[in-house]
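The structure under discussion appears below in the form of structure tokens.
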Amino acid sequence: MTEITYFEEVRCELSPGLRDDHLTACVTDEEGRTQYLDVTPTLINRHEGVPFLPVGFVQIDRERRRVLVEFPCEAYSGANRAWIAFEHLRHVDRPIS
């Protein structure tokens, strides 16, 4: 049996930003919609080569396996929050002794 720890980071895809010193982080919500955010490269965390965007947890819906997150900045669409499926969050599986 394992215990899963979820971190306040959502997997993202990166592309060049609107300015030379920025990146565009693409985050997919639980319904498959994409949100694009203009971020500085230092905001992105990488774990095992995978980029993650730090977010804040606002509400956890364990029954539907999703989290309402608040983005560190407003998305191009104007969104500040989105429901993100658990599987898009950075997590660590640990065996329970």
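The values are calculated or read from the model by the stated rules, or taken from the named source; none is laboratory data. Since this is a predicted model, take the numbers as computed values, not measurements. So basically every Cβ, Gly included, is an ideal-geometry build from the backbone, and we count neighbours across all protein chains shown.
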Breaking point among (1) in contact (Cβ under 8 Å) with a residue 24 or more places away in the chain; (2) over 13 Å from R81 (Cα atoms); (3) not charged (D, E, K, R), for V10: (2)
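Quick check on Y36: is it assigned to a loop (DSSP other than H, G, I, E, B), out of contact with any Gly (no Cβ under 6 Å at 6 or more places or on another chain), among the aromatic types (F, W, Y) and surrounded by 11 or more Cβ atoms within 10 Å (Cβ to Cβ)? Steps first, answer last, please.
Details: assigned to a loop (DSSP other than H, G, I, E, B): no; out of contact with any Gly (no Cβ under 6 Å at 6 or more places or on another chain): yes; among the aromatic types (F, W, Y): yes; surrounded by 11 or more Cβ atoms within 10 Å (Cβ to Cβ): yes.
So Y36 fails the test.
Is it true that T28 is of a type outside the set (A, V, I, L, M, F, W, C) and under 17 Å from N80 (Cα atoms)? Spell out the reasoning first.
Details: of a type outside the set (A, V, I, L, M, F, W, C): yes; under 17 Å from N80 (Cα atoms): yes.
So T28 passes the test.
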The one condition in (1) assigned to a loop (DSSP other than H, G, I, E, B); (2) at pLDDT below 95; (3) of a type in the set (D, E) that E74 fails to fulfil: (2)
